[in-house]
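Worksheet: one structure, shown below.
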Amino acid sequence: MIRILTTGGTIDKIYFDSLSEYEVGNPVVEGILREGGVTVPYIVESILRKDSLEITDEDRAMILDKVRGCIEERILITHGTDTLALTGQFLQGKTSKTVVLTGSLQPANFRFTDAVFNVAFAMGVLQTASKGVYLAMNGQVFDPSHVKKNRDQNRFESA
């Protein structure tokens, strides 16, 4: 069984107008997995609905507590991309589970989005990776301590 913890971020954003007013909506990961025909057993738990720039160290401690409290050994976390690496770094060395963080650079509800690919890729990584904390973005697996978001290229890269 896989536990999926959702924290909000761009993947769950809903935009209302051309001025980019938005709110973080309901988690989309379950719909993505259902539409993809994923048959691996999973449970989705929404623990935050925040833009990642609003996630605090107290929130990260709560995420860690949730990870530690899960009976599942494999945990996927959907998260905003601006502080994805920070949360990954916060979790490193503090759990003996396999944890993969992912998100998207465009909301899942947009016609052109990386959300579906990133979630699917992260699920595959989660099932094959050894214990540790990883970021799965843009078809690559990253160590949270050695990754950066390249805003100009709109992708993640090794740092």
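The values are calculated or read from the model by the stated rules, or taken from the named source; none is laboratory data. Being a predicted model, the structure only gives us computed values, none of them experimental. Glycine also receives a Cβ, built like all others from the backbone with ideal geometry; neighbour counts cover every protein chain displayed.
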Among the numbered conditions (1) aromatic (Phe, Trp, Tyr); (2) touching a Lys or Arg at 6+ places or on another chain (Cβ under 7 Å); (3) over 22 Å from PHE142 (Cβ atoms), tell me where PHE90 comes up short. (3)
For the list (1) free of Cβ contacts under 8 Å to residues at least 24 places away in the same chain; (2) under 19 Å from LYS50 (Cβ atoms); (3) in contact with a strand residue (DSSP E or B) (Cβ under 6 Å, 6 or more places away or on another chain); (4) not aromatic (Phe, Trp, Tyr), I need the number of the one condition that ALA159 fails. (2)
Which condition number does TYR134 fail, the rest of (1) at pLDDT 95 or above; (2) surrounded by fewer than 21 Cβ atoms within 10 Å (Cβ to Cβ); (3) farther than 19 Å from GLY8 by Cβ being met? (2)
Please determine, by comparing only the residues of region 86-121 that are touching a His at 6+ places or on another chain (Cβ under 8 Å) and not aliphatic (A, V, I, L, M), which one is nearest to LEU135 (Cα to Cα). THR102
Only one of (1) in contact with an Asp or Glu (Cβ under 6 Å, 6 or more places away or on another chain); (2) modelled with pLDDT of 95 or more; (3) hydrophobic (A, V, I, L, M, F, W, C) does not apply to CYS70, and that is (1)
Looking at region 107-121, can you tell me whether even one residue there is crowded, with 23+ Cβ neighbours inside 10 Å, in contact with a Leu (Cβ under 6 Å, 6 or more places away or on another chain) and of a type in the set (A, V, I, L, M, F, W, C)? no
So which residues in region 150-159 are part of a strand (DSSP E or B) and more than 14 Å from the chain's Cα centre (by Cα)? ASN150, ARG155, GLU157, SER158
Which of the numbered conditions does SER52 fail, given that it passes all the others? Conditions: (1) in contact with a strand residue (DSSP E or B) (Cβ under 8 Å, 6 or more places away or on another chain); (2) more than 17 Å from PRO144 (Cβ to Cβ); (3) modelled with pLDDT under 95. (2)
Taking LYS13 as meeting all but one of (1) modelled with pLDDT of 95 or more; (2) out of contact with any Leu (no Cβ under 9 Å at 6 or more places or on another chain); (3) surrounded by 21 or more Cβ atoms within 10 Å (Cβ to Cβ), write down the number of the exception. (1)
Can you name the residue in region 97-113 that is among the hydroxyl-bearing types (Ser, Thr, Tyr) and in contact with a Gly (Cβ under 9 Å, 6 or more places away or on another chain) and, of all such residues, is modelled with the lowest pLDDT? SER104
Where residues in region 23-82 are among the hydroxyl-bearing types (Ser, Thr, Tyr) and in contact (Cβ under 8 Å) with a residue 40 or more places away in the chain, which of them is surrounded by the fewest Cβ atoms within 10 Å (Cβ to Cβ)? SER46
